[in-house]
Amino acid sequence: MKALRAGRAGRGLALATISMAWLLPLRAQTAAPSAAACLACHSQPGIADGQGRNLTIAPASFAASVHGALGCPACHADIQGFPHKLPVAKVDCAKCHAGEGAKLKTSVHRIWRAASLRLVMRNLDSPACLNCHGNPHAIVPVNNPRSPVYPLNLPRTCGACHGNPQLAKKYGLPNVYSMYVDSIHGMALTRDGLLVAATCTSCHGAHQILSHNNPRSPTFRARVPATCGKCHAGIAAKYLRGAHGQALRAGVASAPVCISCHTAHSIASVRTTAWQLHTTAQCGGCHSQRLATYRDTFHGQVTALGFAVTARCWNCHRAHEILPASNPKSSIAPANLPATCGQCHGQVPRGFISYNPHADPRNRRRFPGLYYTARFMNLLLLGVFTFFGIHTVLWFSRSISERTAKRGRT
Amino acid sequence: MTPPRPPLETSPGAAQPAPAPAGATPSTGYFYRFSPGQRLLHATLFTTFLGLALTGLTLRFSEARWAQAFAQVVGGFRAILFFHKSLALILTAAFLLHLAIILRRVFLKREFGLLWGPNSLVPQPKDFLDLGSHFRWFLGLGPRPRFDRFTYWEKFDYWAVFWGMAVIGISGYSMWFAPFVSRLLPGSWLNVALLLHGDEALLAAWFIFSIHFFNTHLRPGSFPMDTVIFTGRLTEREFEEKHPREYARLKAEGRLADLRAGPAQPWFVVAGKIIGFAAIAIGFVLLVLTLYSFF
């Protein structure tokens, strides 16, 4: 068998195959060969073609595969008898899987493949299908745990390329695999083994993966809420009722969607302190004035210090059904403020809710008391330090000059 | 509002008349300036103040890296708040006790000298004249003013604490008991309270860590530290130099001998210096950090 492996060119391999065939009780035939006939040679371990590709087929796994019942000629239609001509024609999966084939043709993978992946992917001439579906002679249904596209295996399959730092660097792709694996979706999948956990294809689709710039893509910005809403239906409905969802529906391009706050791949559990503190800056990315006035309050100081024990944006404004105070359904509508503040402060008196958690000491019209207090304190600070600053400097220099004078005398 | 004159303590030197060696060599004799109660009050004030400043300024500058690191070291936000509130209670108790003592001395013991006169902390006309002549001396235009028992900057320090206690205390307790306070006052007071609390605290901290430290400890003549507030006593030379008018007055009245004291216990002086330098060091570090974060 070593001799077979060493075959350098197509012709050498053909000769070797033929010489092998003599040892087997087979005769040359012209009819389409049975799987058993093909496997007579191809079940031998270690046979390879001139480019070093493994040509060994495990009979048992082929028989157990989805294609096992079809036999060899269903795919390798060009092989009519033995010995067969070389090279063998490339198998076109789309002949049967026309729908998937058509989808793949417009997907980013097909385009990328044509453009550049030729340089980096192994099995260059194999159909793009096999990069994900694996060994063509052992393809099992997607719900089989041994399938590379079984939900629990899928991220690793996609990660073969999308978790490859060299590839990521070369093509400017984010290293999404590690992001995903550490995300709440990835944890649910790898740690908890949940089949319902979102994997790559849950959001991106399987065969027709489109760029997020493509309006038909499920990851296109405006379509993200619908994509996440496939699982998170309740949250999506709340989001669409809220100000952000309404803005998105109204066609506001900058309206935040799920991934604006949660990110696309590094989605963290909302229960982690890191994420709870991070969201404040996230909201403040757009609502900068609100963040500045929040930071001036006790709530904002404590969270800035690194402790998620005081109110953050969404404790008062809600996370998804965010509504303006003018809307009676809003959590910050005057009638609902006792309940909203009461989440932390318990039963609060009427005066308590007239506290403004975003008061701006620079706004004289809306917060005159605060404005004049701030001005007074600034003047006091300035006055005290100007007076005593001068006092101290003069005192110091006089003391020094007197000392040197005294020393001069003695 | 004057702290009491130190109680009469018998000391070896008390029986003899003051030697008054005309300032040739530093006198080995000591005089009492502060009573143990006053020293204890100051010790309580500065230790609680340092703790309050450390924990409070951490919140005030919560976006600074040093503040976040300090909060972690102390044991988190709840620990910070616990220490801040505990120290506030101690300081409030000390302040109220001081008030009670003063009121008792004025109204029950009828020590009206606390309210007016050379021993009073209430600003006197002389203080304004002293301020003017001190500035003239700074500029080399006149002699150094002859200060009495309390100088004008010492009185300023004393009343600044009064003002600060009122502003920081009232605003602080308002926020501590916000739901209760908002029964009596509108919620906008709570907005004002935090601003007042933080700005007044910053004023106090910066003032203590720069002006008070310089005026009292770091200025030439007292450098590196004036231990009188720890030991309660100063040397005769210091007495003559820093409070010449009081010295002369007491001498003329023949009461100087009443204040004579022996030297403080060496261990007590060392302990006072260690604590004092630690306080000054903490203050300086806080001053630098807060100034850096502020600007």
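The values are calculated or read from the model by the stated rules, or taken from the named source; none is laboratory data. In this text the structure is predicted, and so the values were computed from the model without any measurement. Here Cβ is always computed from backbone atoms with ideal geometry, including for glycine, and neighbour counts include all displayed protein chains. Accessible surface is based on the protein model in full, side chains and every heavy atom, while ligands, DNA and RNA are left aside. Shrake-Rupley method; radii C 1.70, N 1.55, O 1.52, S 1.80 Å.
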If B:Leu99 satisfies every condition in (1) more than 11 Å from every other protein chain (Cβ to nearest Cβ); (2) closer than 27 Å to B:Glu240 by Cα; (3) open to solvent by less than 60 Å² (accessible area, probe 1.4 Å); (4) under 22 Å from the mean Cα position of the chain (by Cα) but one, which is the exception?
(2)
Unique match (being closer than 23 Å to B:Met175 by Cα, within 14 Å of another protein chain (Cβ to nearest Cβ) and either buried (at least 18 other Cβ atoms within 10 Å of the Cβ) or at pLDDT 95 or above (or both)) among B:Ala53, B:Ala93, B:Ala88, B:Ala67
B:Ala67
Among the residues of region B:135-147, is there at least one that is within 11 Å of chain A (Cβ to nearest Cβ) and in contact with a Leu (Cβ under 6 Å, 6 or more places away or on another chain)?
yes
Subset of region A:354-374, residues open to solvent by 40 Å² or more (accessible area, probe 1.4 Å), within 7 Å of chain B (Cβ to nearest Cβ) and either among the β-branched types (Val, Ile, Thr) or closer than 19 Å to A:Leu291 by Cβ (or both), comes to A:Tyr355
A:Ile209: out of contact with any Pro (no Cβ under 7 Å at 6 or more places or on another chain) and over 24 Å from A:His133 (Cα atoms), yes or no?
no
Mind counting the residues in region A:129-184 that are among the hydrophobic types (A, V, I, L, M, F, W, C), free of Cβ contacts under 8 Å to residues at least 24 places away in the same chain and open to solvent by less than 50 Å² (accessible area, probe 1.4 Å)?
2
Condition first: surrounded by fewer than 17 Cβ atoms within 10 Å (Cβ to Cβ) and within 25 Å of B:Phe294 (Cα to Cα). Now tell me which residues in region B:171-201 satisfy that.
B:Met175
Looking at region B:106-145 only, could you name the residues that are assigned to a helix (DSSP H, G or I) and open to solvent by less than 20 Å² (accessible area, probe 1.4 Å)?
B:Val106, B:Leu114, B:Asp127, B:Asp130, B:His134, B:Trp137, B:Phe138
Conditions (1) outside any loop (DSSP other than H, G, I, E, B); (2) at pLDDT 90 or above -> A:Pro148 fails only (1)
Output for region A:375-398, where each listed residue is touching a Phe, Trp or Tyr at 6+ places or on another chain (Cβ under 9 Å) and either touching a residue at least 24 places away in the same chain (Cβ under 8 Å) or open to solvent by less than 80 Å² (accessible area, probe 1.4 Å) (or both)
A:Leu381, A:Val384, A:Phe385, A:Phe388, A:His391, A:Thr392, A:Leu394, A:Trp395, A:Ser397, A:Arg398
I'm trying to understand the selection: among the residues of region B:223-238, which are of a type in the set (Phe, Trp, Tyr) and under 14 Å from the mean Cα position of the chain (by Cα)?
B:Phe230
Kindly establish whether A:Lys406 is in the same structural domain as A:Gln289 (by TED's automatic domain parsing) and open to solvent by 40 Å² or more (accessible area, probe 1.4 Å).
no
